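Please read the structure below before turning to the comments.
The values are calculated or read from the model by the stated rules, or taken from the named source; none is laboratory data. Bear in mind that the values here come from a model prediction, so they are computed numbers and not experimental data. Using ideal geometry, Cβ is built from the backbone for each residue, glycine included, and neighbour counts are taken over all protein chains shown.
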Amino acid sequence: MSADKYRIVITGIGLVAPGASNKEDFRTQVLAGRSGIQEIDLRYFGKAAAGLCSFEETRYRKKKENKKGTRAGCIGVYCAHEALLDAGLEEGFYRQDRTGVYVGLTEHGNVETENEIYHLKGYDYDVSYWTHHHNPRTVLNNPAGEITISLGITGPHYSIGAACAAGNASLIQGVQMLRLDEVDMALAGGISESTGSFGIFASFKAQGALAEAVSPEQACRPFDSKRNGIVVSEGGCIYVLERLDRALQRGARIYGELVGYGMNSDARDFVLPFDERQAQCMQLALAKAGLQPDQIDIVSTHATGTKQGDAEECRAIRSVFQNAPNTYVNNTKSIIGHAMGAAGVLELAANLPSFEDNLVHPTINLTELDPDCALTNLVVDRPVELPRIRTILNNSFGMLGINSTVVVQAWA
């Protein structure tokens, strides 16, 4: 392969987020610091702050198909079609059997299982009323598979279970498969349908990690001294990834180049994060990118609004970027909540337009900074304009101690 065949670029973006159903509206939302969080009322659980998505669910497939499939599949199909449309790909430019679909998930199947058990209750738990759709709905590859069925893609598809690091992990998988010449184009991203599961809310509450606030818009408070937990959100984001030489060949618009990545494991605890391993993950990504910390313009943080989680990541960032006075830091979850498997890819999408407008979007709901979360150049309340933005380092960390970092560079 020529050198350009090893360079992987982003040429299409399709997304749904709490408050936006396309990348333009999403950028407007995050620059304005407008929260997408609202109050929901879940059966068995009650009221909670959450991030829900609104989009045209029947734009790319019929209502009957959505009913047969899953909420995650519905989000995935919409995002994949939007990404391909955004990429401007002509039909047949890439062979269907040389296209891969890689979808990051934190969990899958909880929503369908809870719904079926609730339905069965009305039939005195007679399992003869259990739906025959249950198995294909709950297998882990479901959202990726639904995308291939909708688009007629016959290349490889699978989901990547990497907790809340899964979105970044899917991008890494897409890069690797393209560099290995296993595929010629990749649809890679992440999806969350977590707001449909009362069990997820109940579990976070039992851990003392579910955010509560007087108003739902203020519930997600990363770095704030009064932060008290996670806001659960749904959402999705799918990217079109191509080799640079083919993207140039067809005159594609290039959003950025994936120049570095890192993944590692804490190997320490089921839930609690570890700053030392997170710092090592960032260093791995920087080394692969051939960049020094002071060459990063934006650090997009994972911070979820939990007490220990935010403090651990901030310690990691301080250790890596202590000699990087021109690196700026922000957080997208404060605006849209925690979209689990979609978190990393949505947060990257929130920041990618910085390469064009040179603006760093703000962190919101930060009224009293926790000293343990003090970071140089933390952007709060309103955007900061820089002379030029060329590099973004995007963090995503998850339960069981899985860490992922992706570095994206402006292409020119």
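A few remarks follow.
- The set of residues in the stretch 23-65 that are of a type in the set (Gly, Ala, Ser) and closer than 30 Å to Ser203 by Cβ comprises Gly33, Ser35, Gly36, Gly46, Ala48, Ala49, Ala50, Gly51, Ser54.
- Close pairs from the stretch 118-131: first under 21 Å from Leu42 (Cβ atoms), partner surrounded by 10 or more Cβ atoms within 10 Å (Cβ to Cβ), Cβ under 8 Å, at least 6 apart: His119/Tyr129; His119/Thr131; Leu120/Tyr129; Leu120/Trp130
- For the stretch 346-357, the condition of being more than 20 Å from Gly309 (Cβ to Cβ), buried (at least 17 other Cβ atoms within 10 Å of the Cβ), among the aliphatic types (A, V, I, L, M) and out of contact with any Asp or Glu (no Cβ under 8 Å at 6 or more places or on another chain) holds for at least one residue.
- Matching residues in the stretch 75-97 - criterion: being of a type in the set (D, E, K, R), in a loop (DSSP other than H, G, I, E, B) and modelled with pLDDT of 95 or more: Arg95
- Single residue of the stretch 171-230 satisfying the filter (among the β-branched types (Val, Ile, Thr) and within 23 Å of Leu42 (Cβ to Cβ)) that is surrounded by the most Cβ atoms within 10 Å (Cβ to Cβ): Ile191
- Cβ-Cβ distances below 9 Å connect no pair with a first residue in the stretch 296-308 that is assigned by TED's automatic domain parsing to the domain that holds Ile230, a second residue that is surrounded by fewer than 24 Cβ atoms within 10 Å (Cβ to Cβ), and a separation of six or more residues or different chains.
- Of the residues making up the stretch 39-74, those that are surrounded by fewer than 22 Cβ atoms within 10 Å (Cβ to Cβ) and either in a loop (DSSP other than H, G, I, E, B) or not β-branched (Val, Ile, Thr) (or both) number 24.
- Condition met for Ser159 (buried (at least 22 other Cβ atoms within 10 Å of the Cβ) and either free of Cβ contacts under 8 Å to residues at least 60 places away in the same chain or more than 29 Å from Val9 (Cα to Cα) (or both)): yes
- The stretch 358-370: number of residues that are surrounded by fewer than 18 Cβ atoms within 10 Å (Cβ to Cβ) and in contact (Cβ under 8 Å) with a residue 40 or more places away in the chain: 3
- Flag if Gly341 is in contact with a helix residue (DSSP H, G or I) (Cβ under 6 Å, 6 or more places away or on another chain), within 22 Å of Ile238 (Cβ to Cβ) and surrounded by 23 or more Cβ atoms within 10 Å (Cβ to Cβ): yes
- Any hit, the stretch 237-255, residues being of a type in the set (Asp, Glu), within 25 Å of Pro362 (Cα to Cα) and in contact (Cβ under 8 Å) with a residue 60 or more places away in the chain: no
- Residues that are in a loop (DSSP other than H, G, I, E, B) and hydrophobic (A, V, I, L, M, F, W, C) within the stretch 1-38 comprise just one, Met1.
- The stretch 189-231: number of residues that are out of contact with any helix residue (DSSP H, G or I) (no Cβ under 8 Å at 6 or more places or on another chain) and among the hydrophobic types (A, V, I, L, M, F, W, C): 9
- Of the residues making up the stretch 122-143, those that are touching a helix residue (DSSP H, G or I) at 6+ places or on another chain (Cβ under 7 Å) and under 14 Å from Gly73 (Cα atoms) number 7.
- Residue check, Val9 of a type in the set (A, V, I, L, M), in contact with a Gly (Cβ under 6 Å, 6 or more places away or on another chain) and touching a residue at least 60 places away in the same chain (Cβ under 8 Å): no
- Search result, residues across the stretch 1-38 that are surrounded by fewer than 22 Cβ atoms within 10 Å (Cβ to Cβ) and among the hydroxyl-bearing types (Ser, Thr, Tyr): Ser2, Tyr6, Ser21, Thr28
- Remark: pairs (first residue in the stretch 316-335, of a type in the set (Lys, Arg); second residue in a loop (DSSP other than H, G, I, E, B); Cβ separation under 7 Å; 6+ apart in sequence or on different chains) = Arg318/Leu375; Lys333/Cys220; Lys333/Pro222; Lys333/Ala303; Lys333/Thr304; Lys333/Gly305.
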